[in-house]
Amino acid sequence: MITLYGVAISNYYNKVKFALMEKDIAFIEEFTPPSQSEDLLQRSPLGKVPFIKTSDGYLSESQAILEYLEDAFPEHPLYPADAYERGKCREFIQHLELNVELIARRLYGEFLFGNTVSAETKDEVRAKLDTGLKGLAKLLKLSPYALGDRFSTADIVAWPHLQLVGFATQKIYGENLVNTHIPGIEAYIQLIESRPHAQIVGADRAKALEAFFRNK
């Protein structure tokens, strides 16, 4: 039995949860906010979430977790069998997380926590997001899934990240930059959200966000 630690408002937590459900892996969730407590640092080296507990020990970093799940539980594969297509899936994920989500994260302080982000930072982030999203659009096929006709880890990762980036940019700039730069992305997100497991993850995230903002 896998134990998943973290918080349901996290897009990184939700991509792991989504993968566990799509791969039909038994797991339990344990609410665990990030911290620098010695107990947490023994399980996650930087006190970050999500992380998981396996029969062999603890594992942190969401992408390492997805790779582990694919190797340890080969049933219901989420990566392509072909080596090149598998590489393209990893390329897509790395581009999305490094050149889009990581950049947009600089806006989350204002979007989620009510802190002020400077106009200079907003301008810098927007320029980098414009570039990153244009690049991502070149990798996306949306036919109908992110990289072709098969649901894959690319979709597991794209759905929570692109939603959050879209929400954040709409709030900060008055424009959903994801929709602006990726034609057809709204229909794609609706397609992913039609999956029963995505609906569960999304509902749990909505409850967690409601509780988060209520307790701020």
What does the charge count around E67 come to, taking other residues whose C-beta lies under 12 Å from its C-beta (Lys +1, Arg +1, Asp -1, Glu -1)?
-1
Mean 1/r over all different Cα pairs, inverted: what Kirkwood radius does the stretch 133-176 give, in Å?
11.2
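Ignoring ligands, DNA and RNA, please state the percent of accessible area on the stretch 1-73 from carbon and sulfur, probe 1.4 Å. Working shown, then result.
Numbers: 1830 of 3370 Å².
Exposed carbon and sulfur together represent 54 percent of the surface.
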With N set to the residue count of the stretch 116-216, report its C-alpha Rg divided by 2.2 N^0.38 Å to two decimal places.
1.17
Per the Kirkwood formula on distinct C-alpha pairs, the Rh of the stretch 1-53 is how many angstrom?
11.2
If you count the DSSP beta bridges with both ends in the chain, what percent of them are antiparallel, to the nearest 5?
60
Out of residues 5 or more away from T54 or on other chains, whose amide H comes under 5 Å of its own, with H placed 1.01 Å from N in the peptide plane?
L59
Based only on Cα atoms, what Rg/Rh ratio does the stretch 43-120 have, Rh being taken as Kirkwood's radius?
1.09
Check V7: other-chain or 5+ apart residues with amide H under 5 Å from its amide H, H built from backbone geometry?
T32
Express the accessible area of the chain per residue in Å², computed with a 1.4 Å probe while the remaining protein chains stay in the model.
49
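The values are calculated or read from the model by the stated rules, or taken from the named source; none is laboratory data. All of these numbers come straight from a predicted model, not from anything done at the bench. Glycine also receives a Cβ, built like all others from the backbone with ideal geometry; neighbour counts cover every protein chain displayed. These accessible areas exclude ligands, DNA and RNA; they are computed on the full protein's heavy atoms, side chains included. Shrake-Rupley method; radii C 1.70, N 1.55, O 1.52, S 1.80 Å.
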